[in-house]
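The values are calculated or read from the model by the stated rules, or taken from the named source; none is laboratory data. Since we're looking at a predicted model, the values are computed, not measured. Because the Cβ atoms are built from the backbone with ideal geometry, glycine has one as well, and the counts that use them run over all protein chains shown. Just so you know, the surface numbers come from the protein's heavy atoms only, side chains and all, with ligands and any DNA or RNA stripped out. Shrake-Rupley method; radii C 1.70, N 1.55, O 1.52, S 1.80 Å.
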Amino acid sequence: MNIFIKIFLLVLLYPVLPIMYFLLMNETKPRKNIVLGVTLPYPALDDPELKAACQQFKRALGKAVLLLAFPPFLVFFADSISVVMFILFYWLLLAIIIPFIPYTKYHRKLKALKQERNWEAGSSQKILVDLKALAANDVQAKVWPVIPALLVSAFPLAYELTAGLSQTHFSILAFCATLLLVTVLFFTLYRLVSRQRTEIIAEDSEYNLVLTRIRRVNWTRFWLSAAWINALYTVILWLSVTGRTVFFVFLLATALYTVAILWTVLKAEFATRNMQHKLAAASPAPLYTDEDRYWINGMFYYNPNDQKSLVSNRVGIGMTVNLARPAGKITMAFALLCLLSVPVLPLWVMAEEFTPLRIEATESAIVITHLSEIAKIMAQEIESVELLPELPAARRIVGTGMDNLRKGTFDVEGYGRGKLYLNPRQPPFLVIYTRQGFIMINGTGEVLAFLEDKIPGFSP
Amino acid sequence: MILSLDFSSETPIYLQIRNQVLLAIAGGKLKPGEKLPAIRTLANEAGVNMMTVNKAYQLLKEEGIISIDRRSGAFVSLSRDSKADVLARLSKELELIVSEAKVKGISKAEMRELFNRLLEGMEEEK
């Protein structure tokens with residue numbers, strides 16, 4: 001496997017670890033009056049035992065992150081793509097899950113401390129609403145800035161659909177449709193920002209109004225930027241998978257896409273958080289409600305009294321769903337499904353890579369099997385055959401392209417677009433011409449004998 | 001003005017909204033002409049049904065405390081009901097409260113003291 005691809009994958013995935021570390025470390029800084037997902041009275045924020053618990057958490061988190069820091073570099077000792085994916089994807093999953101182990105431990109420790117010190121703030125079934133701030137903030141985000149992004153994102157799908165649909169392009173359509181759906185999702189979230197609950201940090205409505213506006217402006221800007229970034233990436237990805245740009249452009253665009261999304265999301269979160277901290281500190285009469293009972297381990301929100309499906313996240317950044325609402329349950333199930341697909345994908349690639357491609361001749365046809373029967377070439381369909389000692393350069397359009405397997409539709413230099421079912425490491429190769437186009441396979445002894453028998457004039 | 005809705009309270013939510021808006025106006029936290037959030041917005045924010053907020057607003061409207069306009073929404077607007085009408089309505093409500101106090105064994109002096117304290121509180125806030 002190409003070392004540059006390994007470096008690219010590493011550069012793309014490795015930032016997950018420092019980001020997790022940075023975000024969870026930041027949970028020890030009071031967000032309003034919430035530390036490690038636990039709501040505390042403002043005077044308790046200076047408690048020495050609380051500070052000691054935060055220090056212990058930082059050390060435990062540091063150890064967990066250190067443990068995860070080296071395994072990804074094992075990719076430099078692996079040759080096969082599936083093994084590289086196995087290392088990186090399983091590491092990714094662990095890098096997301098493991099830092100939450102110390103977080104959960106110290107979250108529970110702080111909860112116990114809160115109970116011990118009687119830091120609960122009365123009835124937790126109370127909801128505070130700032131009537132003045134709410135009345136002044138009754139404004140929806142405008143639709144027009146996102147419309148061009150939606151059109152740009154829809155263009156590749158529309159082009160493919162109008163240019164002529166065939167089975168071959170199904171995965172390209174799926175690519176375009178998925179990325180369009182992501183843009184639509186960003187657009188929906190952009191609109192939902194203004195429906196999020198008003199921030200309440202003080203008795204004085206002015207403070208609440210300013211903070212709510214700052215949060216909404218920052219997050220509206222983020223979702224708008226994300227929709228545009230995704231729209232542009234959709235076009236670049238489409239140009240890449242349809243062979244209109246070189247592979248390097250796709251790699252560069254993917255790296256830039258990741259950096260741009262991360263940069264804008266962190267910028268939105270920390271601009272809001274800093275302002276929240278400043279305003280809460282400046283407020284003469286800070287105010288808060290204790291909603292800890294609705295937060296499972298400080299991470300998952302479950303509040304049957306709240307009709308909102310989306311709320312500001314307590315840990316990390318952005319928003320989270322209310323698991324008591326049907327929309328929240330569906331979203332969480334989908335997110336879990338995506339997370340579970342992370343360990344499944346490398347196993348599937350492993351099966352693709354290590355299952356040998358079988359090309360056999362029966363009485364009347366050549367049958368190609370790889371995991372299941374993937375092609376059958378009937379003798380009467382064959383118009384002509386060409387034997388190649390070497391495989392010409394080929395670029396994958398749809399299918400699998402590995403060092404030991406080419407399976408799917410490829411653009412082959414000097415031949416155009418056709419089907420390839422072969423192991424590039426096993427010459428010679430056969431180009432079989434049929435009325436539907438050409439198919440390239442390995443020229444095994446069994447197949448050569450079959451063709452010599454069935455095709456007049458063919459001699460290996 | 002902060003509305004504090006307690007879901008564990010025996011007082012219905014619509015009445016909590018009505019009572020707190022009334023107290024805020026009496027305490028000068030909400031002034032005549034000040035805009036109130038739209039029914040949908042408040043219901044969405046508080047996580048309650050729109051009917052609940054609508055019921056509270058209708059009650060406040062009937063009592064002449066707010067006005068509801070289809071275009072500009074709800075706003076504080078003390079009605080021009082005659083003083084005699086308001087006094088008659090309050091008298092009925094107070095009669096019920098006084099009766100309840102009597103049943104519960106609260107003396108006239110205690111009631112008078114309570115009433116005086118509330119009136120003093122209102123004057124201070126204003």
* Past 26 Å, Cα to Cα, is the threshold; run B:LYS55/B:LYS102; A:LYS51/A:LYS132; A:LYS142/B:LYS55; A:LYS63/A:LYS111; A:LYS142/A:LYS267; A:LYS32/B:LYS31 against it and keep the listed order. => B:LYS55/B:LYS102; A:LYS51/A:LYS132; A:LYS142/B:LYS55; A:LYS32/B:LYS31
* Answer with one residue from A:ALA449, A:MET402, A:GLN426: the one whose Cα lies farthest towards the positive end of the charge dipole of the stretch A:355-460, charges on Cβ with Lys, Arg +1 and Asp, Glu -1. => A:MET402
* Asked: In the full protein assembly as shown, how much of A:THR444 is accessible to a 1.4 Å probe, in Å² to the nearest 10?
  -> 50 Å²
* Asked: Whose amide H sits under 5 Å from the amide H of A:ILE374, counting only residues 5 or more places off or on another chain, with H placed in the peptide plane?
  -> A:ILE368, A:THR369
* Asked: Kirkwood hydrodynamic radius of the protein assembly as shown from all distinct Cα pairs, in Å?
  -> 29.5 Å
* With every protein chain in place, the stretch B:13-76: carbon and sulfur % of accessible area (1.4 Å) -> 56 percent
* Asked: Relative to the first principal axis of the alpha-carbon coordinates of chain A, what is the inclination of helix A:81-97, with its axis defined by its Cα atoms, in degrees from 0 to 90 and to the nearest 10?
  -> 10 degrees
* To the nearest 10 Å², what's B:SER72's accessible area with a 1.4 Å probe? -> 60 Å²
* Would you pull out the residues with amide H under 5 Å of A:ASP306's amide H, same chain only if 5 or more places away, H placed 1.01 Å from N? => none
* To do: Heavy atoms only, probe 1.4 Å: what % of the accessible area of chain A goes to carbon and sulfur, would you let me know?
  => 66 percent
* Asked: Any idea what angle helix A:445-454 forms with the longest principal axis of chain A, computed on alpha-carbon atoms, 0 to 90 degrees, nearest 10?
  -> 50 degrees
* To do: Kindly report, to the nearest 10 Å², the accessible surface of A:TRP348 as traced by a 1.4 Å probe over protein heavy atoms only.
  => 140 Å²
* Asked: What whole-number value in Å² describes the accessible area per residue of the protein assembly as shown for a 1.4 Å probe?
  -> 53 Å²
* To do: Report, by chain and number, residues whose modeled amide H sits under 5 Å from the one on A:LYS126, excluding near sequence neighbours (fewer than 5 apart, same chain).
  => B:PHE7
* Only loop residues by DSSP count here, and only those with at most 11 other Cβ atoms within 10 Å; note down the trypsin sites (Lys or Arg not before Pro) in the stretch A:367-441 that meet that. => A:ARG425, A:ARG435
* Structure fact -> If every Lys and Arg gets +1 and every Asp and Glu gets -1 at its Cβ, then about the Cα centre the stretch A:243-360 yields a dipole, in debye to the nearest 20, of 360 debye
* Asked: Dipole of the protein assembly as shown (Lys/Arg Cβ +1, Asp/Glu Cβ -1, origin at the Cα centre): which of A:TYR159, A:GLN140, A:PRO392 lies farthest to the positive side?
  -> A:GLN140
* **Computed [θ] at 222 nm, deg cm²/dmol, chain B (DSSP H ≥ 4; -39,500 (n - 2.57); rounded to nearest 500)** => -19000 deg cm²/dmol
* Rounded to the nearest 10 degrees, what's the angle between the helix A:170-192 long axis and the longest principal axis of chain A, both from Cα atoms, 0 to 90? => 10 degrees
* Asked: With point charges of +1 on the Cβ of Lys and Arg and -1 on the Cβ of Asp and Glu, referenced to the Cα centre of the stretch B:22-126, which listed residue (B:ALA26, B:VAL86, B:LEU36) lies farthest in the positive direction of the dipole?
  -> B:LEU36
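How many percent of Cα pairs in the stretch B:83-125 exceed 13 Å?
That fraction is 63 percent.
Express the Stokes-Einstein translational diffusion coefficient of the stretch B:13-76 in µm² s⁻¹, to the nearest whole number, given a Kirkwood radius over alpha-carbon pairs, 37 °C and a viscosity of 0.692 mPa s.
Working: Rh = 11.6 Å.
Approximately 283 µm²/s, per Stokes-Einstein.
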* **For the stretch B:13-76: relative contact order, % (alpha-carbon pairs under 8 angstrom, 6 or more apart)** => 40 percent
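Just the number, please: percent antiparallel of the DSSP beta bridges in the protein assembly as shown, rounded to the nearest 5.
The antiparallel fraction comes to roughly 95 percent.
Can you give the Rg/Rh ratio of the stretch A:46-150, where Rg is from the C-alpha atoms and Rh is the Kirkwood radius?
Details: Rg = 23.1 Å, Rh = 19.1 Å.
Result: Rg/Rh = 1.21.
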* **More than 13 angstrom apart: percent of Cα pairs within the stretch A:394-437** => 53 percent
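Suppose only helical runs count, i.e. DSSP H with n ≥ 4. What mean residue ellipticity at 222 nm does that imply for chain A under -39500 (n - 2.57) per run, divided by all residues and rounded to the nearest 500 deg cm²/dmol? Write out the running numbers ahead of the final one.
Working: 12 runs with 236 residues, N = 460.
So the helix-based figure for chain A works out to -17500 deg cm²/dmol.
Could you tally the net charge around B:ASN49, taking each other residue with its Cβ under 12 Å from the Cβ of B:ASN49, Lys/Arg +1 and Asp/Glu -1? It would help to have the intermediate numbers written out before the result.
Details: positive: B:ARG40, B:LYS55; negative: none.
Here the count lands on +2.
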* **³J(HN,Hα), Karplus 6.51/-1.76/1.60, whole Hz, each residue of the stretch A:151-159, x for Gly, Pro** => 5, 4, 5, 7, 4, x, 5, 4, 4
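How high is the relative contact order of chain A, in percent, counting Cα pairs under 8 Å that sit 6 or more residues apart? Please list the in-between numbers first.
Values: 630 pairs, mean separation 61.2, N = 460.
Relative CO of chain A lands at 13 percent.
What is the dipole size for the protein assembly as shown, taken about its Cα centre, with +1 at each Lys and Arg Cβ and -1 at each Asp and Glu Cβ, in debye to the nearest 20? Display every interim value, and only then the final one.
Working: 63 positive and 52 negative charges, 300 e Å.
The calculation lands at about 1440 debye.
With a 1.4 Å probe, how much accessible area is buried between chains A and B, both sides summed, in Å² to the nearest hundred? List each step's numbers first, then the result.
Values: alone 23710 and 9630 Å², together 31180 Å².
Accessible area lost upon association: around 2200 Å².
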